[in-house]
Every structure is written in structure tokens, then in C-alpha cells.
Number of protein chains: 2
Amino acid sequence: MIVGFAGIGVMGKSMAGHILDKGYEVHVYNRTPSKAQELIDRGAVWQDSPGQLAAACDVIVTMLGYPQDVEQVYTGEDGLIPHAKAGSYLIDMTTSSPLLARRLAEQGQGKGLHVLDAPVSGGDVGAKNAKLSIMVGGEQADFEAVLPLLEILGSNIVLQGGPGAGQNTKMCNQIAIASNMIGVTEAIVYAEKAGLDPKKVLKSIETGAAGSFSLSNLVPRMLDGDFEPGFYVKHFIKDMGIALESAAEMKLELPGLKLAESLYRKLADAGYADKGTQALYKLWADPKD
Amino acid sequence: MIVGFAGIGVMGKSMAGHILDKGYEVHVYNRTPSKAQELIDRGAVWQDSPGQLAAACDVIVTMLGYPQDVEQVYTGEDGLIPHAKAGSYLIDMTTSSPLLARRLAEQGQGKGLHVLDAPVSGGDVGAKNAKLSIMVGGEQADFEAVLPLLEILGSNIVLQGGPGAGQNTKMCNQIAIASNMIGVTEAIVYAEKAGLDPKKVLKSIETGAAGSFSLSNLVPRMLDGDFEPGFYVKHFIKDMGIALESAAEMKLELPGLKLAESLYRKLADAGYADKGTQALYKLWADPKD
């Protein structure tokens, strides 16, 4: 079995590396070839296009940027679906649109392909340590077929339902994070404004009902003035946009998500698009930075 | 040393009970006397008014409802401050206004009293198990003097600063919870609307960056249709009101808190004031219930 990997960013590089380490033959494609060099040095085979990658491999994993990138790589003239061998497995691990995931699964099915959506959470650290949470949408049999491969990458792998269910689960993840980021940020700016020591406040509140991953992991970065990404503001805005679109499609009002998206847009407009999500703090701390 | 306790609700009963269990002489006052009967049966001494309670005790702990109750019990004609013996310690553990806490501390100081604000988090379970987080505002020496008493009630006891700092810290706690409640609720209604199994979604998302106390502890109650309080909607609205007022005082905009307060008000108007905060789910699930 030959594994293809398209999308060699921070996440993709770690993930493809783990698959290589397990002894699989791995072929790679990336829009910017230089980013794949390290994997090639470790034995990966370069392919010039998604189509060539598809033609050479039995399972193709994608870890791309935006839904339009996914659409292009899967359905473009030189894309995966037109060139994949019948019976191939295509696994999109990009956080992308649930609707697009369903559409790709249908198109794939028409050509005898098995298409799954399998976005992840856990970030660069999770990718590096192979501890990703992987949320899968697709057919049960297809899930079972690719599970050994997914187990190389993650530690919490759940088939959430049919095509698109993985993406919808990831949207739930982002929706929960979105409002919580507002909450923890507001709590900390309140603490500072009230003349409290925010680190002492954390000590009182992080172990109780206010406790959360963001409070314990991102607030200390805010307070240390560390706004480097972890998770990019621009990517979070992308994800929230997908979730809002998908919610609108279902006639579902999500006022918290809407507020979060508008605040993060404001933050990006203020020049923080390439910072980490904890930079939300800057909207209060120094909006004109 | 005789300990007075005013406010024998669900929380107060457990707390006063722990102090009794440690062998202290405990005197009690409550607006509704019958609620104190169980403590009296266990050896507590009844007092007919806050003033009488103050006159009989060396340390008085209060666990009341609203800031106006605190103001009345402390400063009313038959209140604690007018009747407390010089050198007494008055500890208000109600979640109340930071401004009021500062005012009471000043008034107390003028009469040779030591007034501390010491709101808690951890709820009825924390009170029962003496595992409360206690956030204290007051003078260092006063804090040290009452610490042995507080240690009977809680496990995470932090002096956050001068008078009002305890209340401000509790506000930070409620601010963080407020937006997070929106986030976890929106995540779950999205999951259901998208046709996912929300309990399976929890399994994918609760261990990662979306993880929080509310997600793991309150969402399962939502899904089981259990809307009994834990923490009352009406009390949460009270707390958010105090936080908004205090933020306005500091000229601090908290759009997430504002949104949460408006949603919970809507929920209370729909008849859920006496349910637990997880009833926020009902705003989406069946707004006309």
C-alpha cells in the first residue's frame, strides 16, 4: 500500500513523517515544493501534481488550507478525484466545509472511490506527538479500512457519522472554543482593570466551574505577552466562517459564534491575522498596536 | 471563639455544619428560621436578628442572596456592623458587589471591625465536601486571622487583594463561565441540528482545546434533559448584572458577558429562572416550553 500526502505545512509535515516512520512508502505533493524537501530527504517520493499523486497511491491524505484549496485539489482538472485509481481511499483532514465534504464523497463514490472527511484537533503539538483527536465522517467499512493509518496520527479517533460528519464535529469544536475565548479574555481584562493580579486570579478560578483548556493554556500566554501562533487568528476566522455558513444553511442562530467571528475579524483588521488566537486580548489591551 | 453564621441556604447549611463539626460554638440567624432547625438540632444556637448574632459572636460568616440582602444584614438598624463587638471579624461569602464590599470594609474599619469579602466557587457539592475555592479580599493580617476558619470550608483559598478583590475575582469566574456557557450550548445545538450524536461529539472534543468544566459537566445534563439547579439561572443573572455594573464603572466593554446576560434574561422570561444554568439549551431546543 502506497500512501500519498498532499499539504506539507506544519501539521502535514509531522503527520506524513509519522507515516514514513512506520515504514510505509509515502509520496508527497505540496504547492510549495521546498516545504516537502525534508520528507523527501527522509525517503518520501515527490509527485508534481495532485493528479500524479493520486495515480501513484492507494490512500491519499490531504491537509490543506481553505475549502477552496480542498475543492481545487480534489476536483481540479489535475485533481485527486479525476486521477485516483478505482478503490482508492481519499481522506481530507483539512478543517473544511461539511457541505463540500458531502459533495466530494458523492463525486468519489460515482468513480468507485472511498472519500472520508477526518479533520483533527490538537494543533501542531498533537500532530508532532501523534496525539490528534480525529473526527471522521464516512462509511463504516471505509472507516475500518483506514483506521490503522489514522491510528498512526491520533489517539482519539471517532467515526461521527456519514460524509460531512467529521467536519460538522470539528465545527462543534470550534464553536465551543469561539465563545470561550471571549469569556477567558474578558475575565482577564476585567481582572487587570480591577487591579487584581491575573495570575493569582487564574489560581482561584481555573480548577472550578470556570476551568477550561483555553483558560489554563492560552491565558498564561496572553499574560506573558506571547502571541505567537499555536492556532492562527486567520485560520480560526476561516473555521468560524464555515460554521456560520453551515449554521445558516440549517437555519440555526448562533449569536455567540457570530460575536466571536466579528471580534476576531476586528482583530485581524487591526493587524493580528498571523498571530495566535490568544491575541484576542489585544483588542482590549492595545487596540491600536 | 464563637462563630456566627447568617444565611442558612443550601450552601450555608453545609458550611455552618462543617464549622459545628470542628467543635466550634456556632450561632445562627436566618430570615426563614425553619431552615436553621437542623443545625439547631445539631447544637447551633439560634439568634433572632443579625444584630443579636453580631453581639454574641467573635467571627460572623454571611452567605446571603443578593447585594441588597448583604447591605441590609450588614448595615441595617439591627445589622451586623452596628452591633458587632470591636475587633470582630465579618466575612461575607455571598457573591456580591465589589463596590459594596469596599464600602462595608470602610464602615467596619471605622468601628474597629475586620470586614472581609470571601465569595466562593464550587457550588453545593463543593460546600458539602468542604472543597470550595474561596477568593478573599481584605487585609493580609485579617486574612491570616480567619484562614483556619476558611480552611474548614475550602481547599483553594487565595487572598486576592484588599477589600472587594474577592468579589472582583468571583466576577472574573462568572465572566469566564458566561461566554463559555454560550459556546458549549451552541456547539451542542449545532451537533443535534447537523444530525450528529452529541454524546459522540463530546467524546471527540472534550479532551482537546474545546475542553472545559461546563462541556464535560453541564452538557451531559442538557442531553439527559436534567435542568435541575446546580447553579440557578436567576443567581447567574444576578452575578452577571453585578459584573456588568462593575465593568461599566471601570468603563470596560464586555460584549460576551453582555450577550450572555441578555440570553439568560430571555431564558428567565421564558420561565426557567429556577432551573440550572444548563437550561440555556432550552432557548434553542424548545423556546416555548
When you scan the stretch B:229-239, how many residues do you find that are open to solvent by 40 Å² or more (accessible area, probe 1.4 Å) and basic (K, R)? 1
Hits in the stretch B:1-16 (condition: modelled with pLDDT of 95 or more and either among the β-branched types (V, I, T) or surrounded by fewer than 16 Cβ atoms within 10 Å (Cβ to Cβ) (or both)): B:I2, B:V3, B:I8
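Tell me which residues, restricted to the stretch B:245-270, are of a type in the set (D, E, K, R) and either assigned to a loop (DSSP other than H, G, I, E, B) or open to solvent by 40 Å² or more (accessible area, probe 1.4 Å) (or both). Give the derivation first.
In the first step, residues of the stretch B:245-270 are kept if they are of a type in the set (D, E, K, R); the result is B:245, B:249, B:251, B:253, B:258, B:261, B:265-266, B:269.
Residues satisfying the conditions are B:E245, B:E249, B:K251, B:E253, B:K258, B:R265, B:K266, B:D269.
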Just one of (1) out of contact with any strand residue (DSSP E or B) (no Cβ under 6 Å at 6 or more places or on another chain); (2) closer than 19 Å to B:A260 by Cβ; (3) facing another protein chain (nearest Cβ under 9 Å) trips up A:M240, so point out which. (3)
Selected residue [within 27 Å of B:L254 (Cβ to Cβ), open to solvent by less than 10 Å² (accessible area, probe 1.4 Å) and not aliphatic (A, V, I, L, M)] from B:G162, B:G137: B:G137
Filtered residues of the stretch B:165-177 (kept if at the interface with chain A (Cβ under 8 Å from one of its Cβ atoms) and over 19 Å from B:K258 (Cα atoms)): B:A165
Out of curiosity, is A:G112 of a type in the set (G, A, S), in contact (Cβ under 8 Å) with a residue 12 or more places away in the chain, outside any strand (DSSP E or B) and surrounded by fewer than 16 Cβ atoms within 10 Å (Cβ to Cβ)? yes
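Looking only at the stretch B:17-44, how many residues end up being under 20 Å from B:I81 (Cα atoms) and either crowded, with 20+ Cβ neighbours inside 10 Å or among the β-branched types (V, I, T) (or both)? I'd like the intermediate steps shown before the answer.
Going residue by residue through the stretch B:17-44, those that are under 20 Å from B:I81 (Cα atoms) are B:26-31.
Within this subset, residues satisfying the condition of being either crowded, with 20+ Cβ neighbours inside 10 Å or among the β-branched types (V, I, T) (or both) are B:26-30.
Residues in the stretch B:17-44 being under 20 Å from B:I81 (Cα atoms) and either crowded, with 20+ Cβ neighbours inside 10 Å or among the β-branched types (V, I, T) (or both): 5 in total.
If we only count helices (runs of 4 or more DSSP H) wholly inside the stretch A:1-105, which ones have 2 or more residues that are out of contact with any helix residue (DSSP H, G or I) (no Cβ under 7 Å at 6 or more places or on another chain)?
So the answer is A:10-21, A:37-41, A:50-56, A:67-75.
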Looking only at the stretch B:39-85, filter to residues that are in contact (Cβ under 8 Å) with a residue 60 or more places away in the chain and of a type in the set (A, V, I, L, M, F, W, C); which one of those is farthest from B:A127 (Cα to Cα)? B:L80
Determine which member of the set B:D226, B:D197 is closer than 17 Å to A:P98 by Cα, open to solvent by 40 Å² or more (accessible area, probe 1.4 Å) and more than 7 Å from chain A (Cβ to nearest Cβ). B:D197
When you go through (1) in a loop (DSSP other than H, G, I, E, B); (2) surrounded by 19 or more Cβ atoms within 10 Å (Cβ to Cβ) one by one for B:D142, which number turns out not to apply? (1)
Which number in (1) more than 8 Å from chain A (Cβ to nearest Cβ); (2) assigned to a helix (DSSP H, G or I) marks the one condition that B:V136 misses? (2)
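Does B:D124 satisfy the criteria of being more than 7 Å from every other protein chain (Cβ to nearest Cβ), in a helix (DSSP H, G or I) and at pLDDT below 95?
On the way: more than 7 Å from every other protein chain (Cβ to nearest Cβ): yes; in a helix (DSSP H, G or I): yes; at pLDDT below 95: yes.
Yes; evaluated as a whole, the condition is true for this residue.
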Need the failing condition index for B:I242 against (1) modelled with pLDDT of 95 or more; (2) open to solvent by 40 Å² or more (accessible area, probe 1.4 Å), just the number. (2)
Just checking, does the stretch A:211-219 include any residue being hydrophobic (A, V, I, L, M, F, W, C) and open to solvent by less than 10 Å² (accessible area, probe 1.4 Å)? yes
For a quick check of your reading of the model, give me the residue pairs whose first member lies in the stretch B:178-197 and is among the hydroxyl-bearing types (S, T, Y), whose second is in a helix (DSSP H, G or I) and open to solvent by 20 Å² or more (accessible area, probe 1.4 Å), with beta-carbon atoms closer than 8 Å and at least 6 apart or on different chains. B:S179/B:L259; B:T185/B:Y281; B:T185/B:L283; B:T185/B:W284
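The values are calculated or read from the model by the stated rules, or taken from the named source; none is laboratory data. Predicted model, so just to flag it, every value in this text is computed and none were measured. Please note: Cβ atoms are built from the backbone with ideal geometry, for glycine as well, and neighbour counts cover all protein chains shown. With ligands, DNA and RNA removed, areas are computed over all heavy atoms of the protein, side chains included. Shrake-Rupley method; radii C 1.70, N 1.55, O 1.52, S 1.80 Å.
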